[in-house]
Amino acid sequence: MKNLLKTKEITFKTRNTNPRITKKMKLFITGIGTEIGKTVCSAVLVQHFKTEYWKPIQSGDLHYTDSHKIEAWTDTNICHPETYRLQLAASPHQSAKEENITINLNDFQLPKTASPLIVEGAGGLMVPISDTTFMIDLIEELSLPVALVIRNYLGCINHSLLSILALQQREIQLEYLILNGDFPEDTERVICSFIEKETKIIKIPEISTPDKESIKHAAKQLTITKIG
């Protein structure tokens, strides 16, 4: 099998490449696992780029969904309704089974909008949405570039490289690598050495108690850089 993860020498002379957002921008936010801050990072990007928001699948917490959080934390006035709202806080395939539902990829359609759009997935790339399909299949179905959220913990390098490899194997564009919180220099260097030169890096500071003020502050300070 072709070795897609080929290490390359890098330097960390970053330059600001913060582009003006275009109305055509649509981006899928995924992560290397669960509870790594996808919704917080989504909120920062929604605020920074002034986008609309869509969560295709909400599993659990229907009283205070991720869409509710985005509405509370940002200035966006459009959060598109979820395609699936499931009661059990679990993997979508399990939550759907509890309600005698089978999630079908054909049920998902991007919201009709001329505005930029942030789409937030559930969990990581290989989270099952049915017994035969996974979150990465939904990304492929929607034909969207990806922003991959990474958080520092023991094992995050392995999970990050496996996620990057999965995207490369599917030929899904990794538009942004999002480093959520603080990282040891050695961890950051290894992870960043495996991304393509076209992938841009976003660093978001630790936000322990997200609210409108902290999200706005992070969005205002956000810079987008490249390696080299």
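On the protein heavy atoms, probe 1.4 angstrom, tell me the percent of accessible surface of the chain carried by carbon and sulfur.
On the way: 5750 of 11840 Å².
That share works out to 49 percent.
Between rounded, prolate and oblate, where does segment 27-89 land on the alpha carbon gyration tensor, with a ≥ b ≥ c its root eigenvalues, rounded for a/c under 1.5, else prolate if a/b exceeds b/c? Oblate, because a/c is 1.5 or more while a/b does not exceed b/c. May I ask for the distance between the Cα centers of segment 29-76 and segment 156-201, given as a whole number of Å? For segment 29-76 versus segment 156-201, the Cα centre distance is 21 Å.
On a 1.4 Å probe surface of the protein chains, which of 135, 126, 25 comes out largest in accessible area, and what is the full order? Show your work: numbers first, answer last.
Working: 135 5, 126 110, 25 25 Å².
Heavy-atom accessible area, descending, gives 126, 25, 135.
Hey, what did segment 36-83 get for relative contact order, percent, Cα under 8 Å, at least 6 apart?
Numbers: 54 pairs, mean separation 22.0, N = 48.
Relative contact order here is 46 percent.
When the C-alpha to C-alpha distance is required to be over 22 Å, the pairs from 112/226; 112/197; 55/197; 24/55; 69/226 that qualify are 112/226; 112/197; 55/197; 69/226. What shape does the chain take by its C-alpha gyration tensor, where a ≥ b ≥ c are the square roots of the eigenvalues and a/c under 1.5 counts as rounded, a/b above b/c as prolate, and the rest as oblate? Oblate, since a/c reaches 1.5 and b/c is not below a/b.
Net charge of the neighbourhood of residue 120, taken over other residues with C-beta under 15 Å away and scored Lys/Arg +1, Asp/Glu -1, is -2.
Solvent-accessible area of residue 110, all protein chains in place: 50 Å² (probe radius 1.4 Å, heavy atoms, ligands and nucleic acids excluded). Can you compute the label reach from residue 224? Point 7 Å from Cα along the Cβ direction, backbone N cut-off under 11 Å, restricted to segment 152-182. So the set is 175-177. In this structure the chain gives 52 Å² per residue of accessible area when probed at 1.4 Å with all protein chains present.
The values are calculated or read from the model by the stated rules, or taken from the named source; none is laboratory data. No experiment lies behind these values; they were computed from the predicted model shown. As a convention, Cβ positions derive from the backbone with ideal geometry for all residues, glycine included, and neighbour counts pool all protein chains shown. In case anyone asks, the SASA skips ligands and DNA or RNA and just uses the protein heavy atoms, side chains included. Shrake-Rupley method; radii C 1.70, N 1.55, O 1.52, S 1.80 Å.
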